[in-house]
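J.: To start, I am sharing the structure in question, which I have written as structure tokens.
The values are calculated or read from the model by the stated rules, or taken from the named source; none is laboratory data. Bear in mind the structure is a predicted one, so any value in this text is a computation, not a measurement. Here Cβ is always computed from backbone atoms with ideal geometry, including for glycine, and neighbour counts include all displayed protein chains.
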Amino acid sequence: MAGSPSTNTAGKTGSGMLAGLLAAALFGASAPVAKLLLPGVGPLLLASLLYLGAALGLSGWLALRGAASSEARLRRADAWPMVGIALLGGVGGPVLMLVGLGRMSGVAGSLLLNLEAPSTMLVAVLLFHEHLGRREVAAALVIVAGGAALGYRPGELHADGWGIAAITGACLCWAGDNNLTQRLSLRDPAKVVRLKTLSAGLLTGTLALLTGAGLPPLTTVGLALGVGALSYGVSILLDMIALRHLGAAREAAIFATAPFAGALLAIPLLGEHPGRADAAGAAAMLLGVVLLLRARHSHRHTHAEVVHDHSHNHDEHHQHDHAHAGSGPVTEPHSHPHRHAPLTHEHPHVSDAHHRHSHR
């Protein structure tokens with residue numbers, strides 16, 4: 001029997017938060033490993049190998065899973081969002097980041113890359129009509145400030161105007177990528193992420209070869225592919241689950257904790273020693289996550305009529321018949337095109353695919 005809207009929403013929000021934190025940890029952990037691989041590979045080719053490793057890992061998982069899945073399949077209408085994701089996240093973001101990093105210190109670049117989270121939030125709220133309450137905005141800003149503190153090193157900051165503009169442009173590209181990916185989060189996440197990472201890997205690899213990159217040793221290639229399968233493939237897959245249940249704005253705040261995992265792994269792997277700023281940044285991130293977890297948003301709201309397709313159970317938001325399914329048994333979860341009748345009620349919720357409404 002389906003639970004109450006409050007219980008179902010709380011469960012999905014909790015699972016989205018957990019998926020987002022795990023995704024951030026896996027992605028953040030790749031940074032010190034990538035730093036070790038970078039001198040022998042080069043940034044563009046390394047990015048390509050990491051993305052291709054993710055695509056290969058997800059292809060293996062899909063082959064083991066087989067055709068049976070409760071997730072909704074990709075459709076022709078999803079082609080343009082996928083093109084946008086590939087161009088923004090697979091080409092625009094990485095290229096602008098590399099241009100920017102070449103015109104400033106590594107510390108300045110790391111600090112400016114923290115703009116990705118607030119950029120994603122602004123795009124989500126202003127263009128895609130997501131909602132963040134005051135407490136959630138405050139929690140997100142605390143997390144972003146903590147990430148900036150982790151990368152801060154006095155005396156190591158220098159940048160020029162073009163470098164700052166390039167890094168800012170990269171963050172805006174990734175903000176668009178994140179929000180477009182959220183639009184596809186109701187589709188089969190493994191298939192979306194495989195297509196996303198494969199296109200990004202091929203595009204960045206082509207750019208690397210065109211700019212004169214040479215192939216590294218096979219052991220380095222294998223290690224990069226393995227890191228990509230875990231820290232990109234599994235990470236982005238978990239991140240899509242977070243996007244599905246939380247919306248892009250809240251996911252961005254959670255994913256901004258990624259530098260914390262990287263800083264922790266850098267201690268044994270690179271021999272780095274955390275300072276006071278690192279401890280303060282970690283504490284700020286922890287406080288921000290706790291505030292975000294405790295935030296509650298509830299009011300009387302109306303769901304407009306909509307027809308769409310995604311994996312679902314029969315909760316209060318999904319009451320419909322299954323005449324299309326014939327006489328066979330209906331298992332849950334399952335996916336099929338279904339209609340949501342207009343519904344007005346009140347319960348705690350976030351800006352997921354079923355809760356985009358005015359807050360005037």
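J.: Among the residues in segment 239-258, are any hydroxyl-bearing (Ser, Thr, Tyr) and under 30 Å from LEU287 (Cα atoms)?
T.: The answer is yes, given that some residue of segment 239-258 is hydroxyl-bearing (Ser, Thr, Tyr) and under 30 Å from LEU287 (Cα atoms).
J.: Condition test on GLY169, is it modelled with pLDDT of 85 or more and either under 30 Å from ARG250 (Cβ atoms) or part of a helix (DSSP H, G or I) (or both)? Can you show your working first?
T.: On the way: modelled with pLDDT of 85 or more: yes; either under 30 Å from ARG250 (Cβ atoms) or part of a helix (DSSP H, G or I) (or both): yes.
The answer is yes for GLY169.
J.: Go through (1) at positive phi; (2) at pLDDT 85 or above for VAL123 and report which single condition fails.
T.: The one condition VAL123 does not meet is (1).
J.: Restricting to segment 206-246, give me the number of residues that are farther than 17 Å from LEU36 by Cα and in a loop (DSSP other than H, G, I, E, B).
T.: Count: 4.
J.: Let me ask something additional. Here are the criteria: (1) of a type in the set (Gly, Ala, Ser); (2) crowded, with 17+ Cβ neighbours inside 10 Å; (3) closer than 26 Å to GLY281 by Cβ. Tell me which single one GLY133 does not satisfy.
T.: Unmet for GLY133, out of (1) of a type in the set (Gly, Ala, Ser); (2) crowded, with 17+ Cβ neighbours inside 10 Å; (3) closer than 26 Å to GLY281 by Cβ: (2).
J.: Output the residues belonging to segment 158-194 that are surrounded by fewer than 22 Cβ atoms within 10 Å (Cβ to Cβ), among the basic types (Lys, Arg) and farther than 23 Å from SER48 by Cα.
T.: Within segment 158-194, ARG183 is the sole residue that qualifies.
J.: Looking at LEU74, LEU52, LEU62, which is the one that is assigned to a helix (DSSP H, G or I) and either surrounded by fewer than 23 Cβ atoms within 10 Å (Cβ to Cβ) or in contact with a Lys or Arg (Cβ under 7 Å, 6 or more places away or on another chain) (or both)? I'd like the intermediate steps shown before the answer.
T.: Working: LEU74 fails: assigned to a helix (DSSP H, G or I); LEU52 fails: either surrounded by fewer than 23 Cβ atoms within 10 Å (Cβ to Cβ) or in contact with a Lys or Arg (Cβ under 7 Å, 6 or more places away or on another chain) (or both).
So the residue among LEU74, LEU52, LEU62 that is assigned to a helix (DSSP H, G or I) and either surrounded by fewer than 23 Cβ atoms within 10 Å (Cβ to Cβ) or in contact with a Lys or Arg (Cβ under 7 Å, 6 or more places away or on another chain) (or both) is LEU62.
J.: With the structure loaded, tell me whether ALA148 is at pLDDT 80 or above, surrounded by 16 or more Cβ atoms within 10 Å (Cβ to Cβ) and of a type in the set (Gly, Ala, Ser) or whether it fails that test.
T.: Values: at pLDDT 80 or above: no; surrounded by 16 or more Cβ atoms within 10 Å (Cβ to Cβ): yes; of a type in the set (Gly, Ala, Ser): yes.
Spelling it out, it is not the case that ALA148 is at pLDDT 80 or above, surrounded by 16 or more Cβ atoms within 10 Å (Cβ to Cβ) and of a type in the set (Gly, Ala, Ser).
J.: Sticking with this one: Is at least one residue of segment 29-42 at pLDDT 90 or above, more than 17 Å from the chain's Cα centre (by Cα) and surrounded by fewer than 20 Cβ atoms within 10 Å (Cβ to Cβ)?
T.: No, segment 29-42 contains no residue that is at pLDDT 90 or above, more than 17 Å from the chain's Cα centre (by Cα) and surrounded by fewer than 20 Cβ atoms within 10 Å (Cβ to Cβ).
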